[in-house]
Amino acid sequence: MSLISVIVPVYNEEELIEQSYKRITDALLPVVQAGDDYELLFVNDGSHDRSQEIIANFAKTDSHVKLISFSRNFGHQVAVSAGMDHAGGDAVVIIDADMQDPPEVIAEMVVKWREGYDVVYGKRRKRAGESAFKKFTAATYYKILKSFTTVDIPTDTGDFRLISRRVCLAMRSLPEHNRYVRGLASWVGFRQVAVEFDREARMAGETKYPLKKMIKLAMDGIFSFSYVPVRMLLNAGLWLGVLGFLGGICALIWLPYNFPVITFAICMFFTGIILMGMGILGEYITRITDEVRARPLYVVKEKIGFNE
Ligand code: UDP
Ligand code: MG
């Protein structure tokens, strides 16, 4: 008998958490019928609504349910990481609370895991209920990420996936702070396979990923897995240096002519490049600062359903 841990990060999901709980429980029936057991690990990422109370009620009647509550909102990727820290399963599944990732796919993932795969990631065939803007930016972003990194991060995937215990342990041992979970899952390696699914629309409520959080996640993907941005900077510096040298020679030859407007434009251009360069370096430096500070990833306020 194997234990399957299902991690559900939750941030202000009172409108749908009850329905999600029922649907996940139903979807796990084939797992139970096959002789396995499961634990449902909710991570309450500092919700301000009734999510905590509702989940705590599930735990009263259902021994599969466990709850970890953060002292405040630490973010989705940290919530998933906390779930992995507390998961006791032989396989660990990560799924969103809003049912955009259909839990019925979990049984399929378990089958693949039994075939010997260590990471079974959900690959989105279609994305319902998402704006053209989000689809376009996601597609462009994954293209850039792919060309920037040597780690093979599959396109059209989110965090919806099953990982084996050894992958979970390997990922837990990575202490980095600005976590990009799907990247870390690729980084650890092992045999990986996709299971295709149609991404549904959010069951209720609004997205908990406003543009600001989305940009932060996108930046973490690039700056945690690639040095291409600094190399681009170095190349730009070299070429601009050559250009400047040639420009200097031209200026010596045509000294009597004065082009104040062009001079101004050129100054603005190079100032822009320099500031951009400082910004890119800043992205790496703030991440180094986070590592040096070595604060814990999250602070737990309460745990329910754990034996300790
Ligand atoms: N979430 C979280 N902390 C956050 C934001 C989101 O735990 O700060 C959870 C949220 O409750 C959901 C999952 O992460 O279970 C994905 O969020 P959402 O569906 O809003 O993202 P989207 O699908 O719109 O990208
Ligand atoms: Mg969603």
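The values are calculated or read from the model by the stated rules, or taken from the named source; none is laboratory data. All of these numbers come straight from a predicted model, not from anything done at the bench. Cβ atoms come from the backbone with ideal geometry, glycine included; neighbour counts cover every protein chain shown. Accessible surface is based on the protein model in full, side chains and every heavy atom, while ligands, DNA and RNA are left aside. Shrake-Rupley method; radii C 1.70, N 1.55, O 1.52, S 1.80 Å.
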- line: With the label point 7 Å along the Cα-to-beta-carbon line of residue 204 and a cut-off under 14 Å to each amide N, the hits in the range 53-86 are 54-55
task: For the range 87-240, give the magnitude of the charge dipole about the Cα centre (Cβ charges: +1 Lys/Arg, -1 Asp/Glu; no others), in debye to the nearest 20.
output: 400
- request: Could you point to the residue in 59, 173, 80 farthest towards the positive end of the chain's charge dipole, with +1 and -1 charges on the Cβ of Lys/Arg and Asp/Glu respectively?
  value: 173
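Place a +1 charge on the Cβ of each Lys and Arg in the range 158-293 and a -1 charge on the Cβ of each Asp and Glu, then give the dipole magnitude about the Cα centre in debye, rounded to the nearest 20. Intermediate values should be presented prior to the final figure.
Working: 16 positive and 10 negative charges, 112 e Å.
Here the range 158-293 has a charge dipole of around 540 debye.
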Cβ-based net charge around residue 184, under 15 Å, with every Lys or Arg adding one and every Asp or Glu removing one: -1
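Just the projected area, averaged over all directions, of the convex hull on the alpha carbon atoms of the range 181-308: how many nm²?
Dividing the Cα hull surface by four gives the mean projection, 16.1 nm².
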- prompt: What ³J(HN,Hα) values, in whole Hz, does the Karplus curve 6.51 cos²θ - 1.76 cosθ + 1.60 give for the range 270-286 when θ = phi - 60°, with x put for Gly and Pro?
  reply: 6, 4, x, 4, 5, 5, 4, x, 5, x, 4, 4, x, 4, 5, 5, 5
- prompt: To the nearest 10 degrees, how steep is helix 51-61 against the longest Cα principal axis of the chain, on a 0 to 90 scale?
  reply: 30
- request: Determine the distance separating the Cα centre of the range 159-200 from the Cα centre of the range 282-299; give it in Å without decimals.
  value: 21
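So if I average 1/r over every pair of distinct C-alpha atoms in the range 1-148 and take the inverse, what Kirkwood radius in Å does that give?
Values: mean 1/r = 0.0609 Å⁻¹.
That comes to 16.4 Å for the range 1-148.
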query: D for the range 58-129, whole µm²/s, Stokes-Einstein with Kirkwood Rh over alpha-carbon pairs at 20 °C and 1.002 mPa s: what number?
result: 148
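Please report, as a whole percent, how much of the solvent-accessible surface of the range 1-135 comes from carbon and sulfur atoms (probe radius 1.4 Å).
Details: 2670 of 5270 Å².
Reported share for carbon and sulfur atoms: 51 percent.
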task: Report the label-to-label distance for residue 230 and residue 215 in nanometres (one decimal), using points 7 Å from each Cα along the Cα→Cβ vector.
output: 2.3
Dimensionless Rg over Rh [the range 174-226; C-alpha; Kirkwood]: 1.04
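Would you calculate a helix-derived [θ] at 222 nm for the chain, using -39,500 (n - 2.57) for each DSSP H run of n ≥ 4 and dividing by the full residue count, to the nearest 500?
Numbers: 11 runs with 155 residues, N = 308.
Here the helix-only value at 222 nm equals -16500 deg cm²/dmol.
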field: In degrees, nearest ten, helix 211-225 long axis to first principal axis of the chain (Cα)
entry: 80
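Checking the a/c ratio against 1.5 first, then a/b against b/c, what shape does the Cα gyration tensor give for the chain?
Values: a/c = 2.49, a/b = 2.31, b/c = 1.08.
It comes out prolate by the Cα gyration axes.
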message: On the Cα set of the range 70-211, report Rg and Dmax in Å, please.
response: 14.9, 40
- request: Once you have the Cα-Cα distance between residue 250 and residue 29, take 0.36 nm times their residue separation minus that, and quote the gain in nm to one decimal.
  value: 71.9 nm
- request: Can you spot the aspartates and glutamates whose alpha carbon is less than 18 Å from residue 143's alpha carbon? Ignore those fewer than 8 places along the same chain.
  value: 152, 156, 159, 220
- line: With the charge dipole of the chain built from beta-carbon charges (+1 for Lys and Arg, -1 for Asp and Glu) about the Cα centre, the Cα from 69, 132, 6 projecting farthest to the positive end belongs to 132
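Assigning unit charges at the beta carbon (Lys, Arg +1; Asp, Glu -1) and nothing else, what dipole magnitude in debye, to the nearest 20, does the chain show about its Cα centre?
On the way: 36 positive and 36 negative charges, 201 e Å.
Its charge dipole is roughly 960 debye.
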field: Translational diffusion of the range 100-178, µm² s⁻¹ [Kirkwood Rh, Cα pairs; Stokes-Einstein; 4 °C; 1.567 mPa s]
entry: 89
statement: Under 15 Å by backbone N from the virtual spin label 7 Å along Cα-to-Cβ at residue 172, the residues of the range 82-96 are 82-93
task: Go through 79-87, 140-148 and give me the packing order, highest mean Cβ count within 10 Å leading.
output: 79-87, 140-148
- line: From the Cα centre of the range 206-224 to that of the range 4-59, the distance in Å is 24
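Which trypsin sites (Lys or Arg not before Pro) in the range 21-99 pass both tests, a DSSP loop state and at most 15 other beta-carbon atoms within 10 Å? All intermediate terms of the calculation are to be shown ahead of the outcome.
Values: sites: 22, 23, 50, 60, 66, 72; in loops: 50, 72.
Here the trypsin sites (Lys or Arg not before Pro) that fit, given the DSSP loop and packing criteria, are 50, 72.
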message: What whole-number volume per residue, in cubic angstrom, does the convex hull of the C-alpha atoms of the range 43-87 give?
response: 63
field: At R0 = 22 Å, FRET efficiency that the Cβ-Cβ distance of residue 37 and residue 114 yields, to 0.05
entry: 0.90
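Is there a pair in 123/216; 22/216; 123/301 whose C-alpha atoms are over 25 Å apart, and which pairs would that be? All intermediate terms of the calculation are to be shown ahead of the outcome.
Numbers: 123/216 22 Å; 22/216 32 Å; 123/301 34 Å.
Beyond 25 Å between Cα atoms: 22/216; 123/301.
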- request: Enter the accessible area per residue of the range 66-150 (Å², integer; probe 1.4 Å; all protein chains in place).
  value: 41
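Could you give the length gained by full extension between residue 306 and residue 291, i.e. 0.36 nm per residue of separation minus their alpha carbon distance, to one decimal place? Please report the intermediate quantities before stating the final value.
Values: separation 15, 0.36 × 15 = 5.40 nm, distance 2.97 nm.
Working it through step by step, the gained length comes to 2.4 nm.
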